[in-house]
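*Asks:* Below you'll find the structure I mean.
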Amino acid sequence: MSDRKQILQLQNSYNVMSSDLAEQIIKALPADQYEITTAFLKGKPEDGQAVSAAGRSVYFDFNSKQLKGIRRWFAIRKLFRFCRDNHFDGIICHRFKPTHIMLNLTKKLETKAFISIAHGFGDYDRSYRQKLVNRLIDERWCFVGVSKPVKSYLISTTGSMNEQNTLAINNAIDIDQAVSIQLSREQARSELGLPEDRFIFGTIGRLVEIKGHAVMIDALSDIIRQYPNAAVAIIGWGEEEQNLRQQIARLGLQDSVFLLGKREEAIKYVRAFDVFTLPSFTEGLPLALLEGMSGALPVIGSDIDTIKPYIQGLGQICKVGDSKSLAEAMGYYLSSPAEALEEQGQQLYEALCERHNIADFREAYRDLMDKMLMQ
C-alpha cells in the first residue's frame, strides 16, 4: 500500500476539460503526497476524448434511472464497496448527486474527510435535501462554494452548514495554459466555420434555459437592422437546442446565429468572438466568464451577484432576462472603435490575472485537504 494519502474525486457525469475545477484540484494536491482517483457516476470517454489527469479514472457508467428512486440504492451499495476496498482518506464530491451518495455512506466509512463542492445555486432548495444534510453530516464534512454568494446560499439553506464548516474558494483557471492553447481569431473562426467579416457576440455553455441564450438571440433580433454585420455564436449543446433553432427560424436569423455544438476544450475558440457574452439567469462563478476574460475580450454579463462584481467598471452589464438591455450593451460595442474594444479586453485580462490566480486556488484546496486530514 502506498504511503500517499488516497483521495477520491467523485463527479456526476463524465466531462473532462483541462480548465475544469476538478482537474485543477488534482494539480493542487502534490503527487508525492496524494494518490488521486477520479470517478464518474455516468458516462465514459469515447475514442480520442480526454481523460482525467488523475492517477486512475473509474467509470461506473450508471444510467439516469439507476441513480433515482429505490434503484439508486444499487449504486450506493456499489460505491460503498468501492470506497471500502480502496480505503480512501478523503473524498471530494462535485455537486449534489455524489454528495447525496456519500452522505448516505458517511457512517459506514472510515474516511477522514468529505468535501462537497457546490458549483452554483439550487442544489439545496428542496426541503428533503436540507433535511438529509442536517441528519447525516458530521465533523468530517466541509462544504465549499465556488464564490462568496454560493457560500452564503449554502449557509442560508440548512442549519448544519455554517461558518465553521462552509467556505468559499473562488473559481479560477490556469491562465498561462488557457492562453497557450487558444487559437488566433482567424484559426478559431476557420475551425468553427464562422464568417470572417461578422462582428460576433459569442458564448460557451450548455444549452439550458438559465444560460439566457434565448435572450441573446432576441437581443440580436432587436439590433440586426441597425447593425446587419452583427452575429451570435454559441458553443455548447443541451436540451434547449430545438427550442433555440425554432426561435432562430421564427426571427429569420438563420444566417446570423451559429449553434456550434459541443467542442472539446472550447476555451481554444474564445478569440473567434469579438465580445464574450454571458446573459445567464443564475451562475455559481462561471468558468466561461473567466475563459472569455483570458482571451482578452470585451465582456457583457447579466447583473446577477456572481457576474456583476467581476466585470463592473470593466465590461458592459445588462439586466437579467432583459433583451432590450442586452441589445443596448451589444450596440455599445458595435459602435465602439476597435482600439477601445482592445483596451477593454486587456483591462479584463489584467483583472483576471489579479483576482483569479490559479496558484491561490490550488493553495486553498491543498490547505483545506491538509487541514482536514490532520484532524
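*Asks:* For residues that are of a type in the set (D, E, K, R) and not in a loop (DSSP other than H, G, I, E, B), tally how many sit in the stretch 273-287. Let's see the steps before the verdict.
*Replies:* First pass over the stretch 273-287, keeping only residues of a type in the set (D, E, K, R): 274, 283.
When the remaining residues are screened for being not in a loop (DSSP other than H, G, I, E, B), the result is none.
The number of residues fulfilling the criteria is 0.
*Asks:* Run down 37, 99, 106 and say which single residue is closer than 27 Å to residue 176 by Cα, at pLDDT 95 or above and not in a loop (DSSP other than H, G, I, E, B).
*Replies:* Sole residue among the options that is closer than 27 Å to residue 176 by Cα, at pLDDT 95 or above and not in a loop (DSSP other than H, G, I, E, B): 37.
One line per residue, one yes/no per condition, for (1) more than 23 Å from residue 210 (Cα to Cα); (2) surrounded by fewer than 20 Cβ atoms within 10 Å (Cβ to Cβ); (3) among the polar types (S, T, N, Q); (4) in contact with a Cys (Cβ under 6 Å, 6 or more places away or on another chain):
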| position | (1), (2), (3), (4) |
| --- | --- |
| 108 | yes, yes, no, no |
| 113 | yes, no, no, no |
| 127 | no, yes, yes, no |
| 145 | no, no, no, no |
| 158 | yes, yes, yes, no |
| 164 | yes, yes, yes, no |
| 167 | yes, yes, no, no |
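*Asks:* Still on this structure, I have one more. Identify all residues within the stretch 115-174 that are of a type in the set (Gly, Ala, Ser) and in contact (Cβ under 8 Å) with a residue 24 or more places away in the chain; write none if there are none.
*Replies:* 116, 118, 120, 122, 145, 147, 159, 160, 168, 172
*Asks:* For the subset of the stretch 1-20 comprising residues that are modelled with pLDDT of 85 or more and closer than 25 Å to residue 238 by Cβ, which member is surrounded by the fewest Cβ atoms within 10 Å (Cβ to Cβ)?
*Replies:* 13
*Asks:* Still on this structure, I have one more. Pick from 29, 79: which is buried (at least 18 other Cβ atoms within 10 Å of the Cβ), within 24 Å of the chain's Cα centre (by Cα) and not acidic (Asp, Glu)?
*Replies:* On the way: 79 fails: within 24 Å of the chain's Cα centre (by Cα).
Residue meeting the stated conditions: 29.
*Asks:* Same structure, new question: Across the stretch 180-204, what is the total count of residues that are assigned to a helix (DSSP H, G or I) and within 17 Å of residue 261 (Cα to Cα)?
*Replies:* Result for the stretch 180-204: 5.
*Asks:* (1) in contact (Cβ under 8 Å) with a residue 12 or more places away in the chain; (2) within 23 Å of residue 110 (Cβ to Cβ); (3) out of contact with any helix residue (DSSP H, G or I) (no Cβ under 6 Å at 6 or more places or on another chain); (4) in a loop (DSSP other than H, G, I, E, B): which one isn't true of residue 54, the others all being true?
*Replies:* Only one criterion in (1) in contact (Cβ under 8 Å) with a residue 12 or more places away in the chain; (2) within 23 Å of residue 110 (Cβ to Cβ); (3) out of contact with any helix residue (DSSP H, G or I) (no Cβ under 6 Å at 6 or more places or on another chain); (4) in a loop (DSSP other than H, G, I, E, B) is unmet by residue 54, namely (3).
*Asks:* If you take the residues in the stretch 226-245 that are surrounded by fewer than 18 Cβ atoms within 10 Å (Cβ to Cβ) and under 27 Å from the mean Cα position of the chain (by Cα), which one is farthest from residue 335 (Cα to Cα)?
*Replies:* Going through the qualifying residues, I end up with 239.
*Asks:* Moving on to the next point. Take residues that are closer than 22 Å to residue 297 by Cβ and tell me which of the helices (runs of 4 or more DSSP H) falling wholly in the stretch 311-375 contain 3 or more.
*Replies:* So the answer is 323-334, 338-355.
Listed here are the residues, each with its yes/no results for (1) of a type in the set (Asp, Glu); (2) closer than 23 Å to residue 50 by Cβ; (3) part of a loop (DSSP other than H, G, I, E, B).
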position	(1), (2), (3)
206	no, yes, yes
215	no, no, no
221	no, no, no
235	no, yes, no
267	no, yes, no
271	no, yes, no
289	no, yes, no
292	no, yes, no
296	no, no, yes
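*Asks:* Which condition does residue 235 not pass, out of (1) modelled with pLDDT under 95; (2) touching a strand residue (DSSP E or B) at 6+ places or on another chain (Cβ under 6 Å), if it passes all the others?
*Replies:* (1)
*Asks:* Please work out if residue 295 is at pLDDT below 95 and closer than 24 Å to residue 16 by Cα.
*Replies:* no
*Asks:* Limited to the stretch 261-280, what total is found for residues that are under 16 Å from residue 183 (Cα atoms), among the aliphatic types (A, V, I, L, M) and within 19 Å of the chain's Cα centre (by Cα)?
*Replies:* Number satisfying all stated conditions: 3.
The values are calculated or read from the model by the stated rules, or taken from the named source; none is laboratory data. For clarity, every value in this text was computed on a predicted model and none was experimentally measured. No Cβ is skipped: glycine too gets one built from the backbone with ideal geometry, and neighbour counts run over all protein chains shown.
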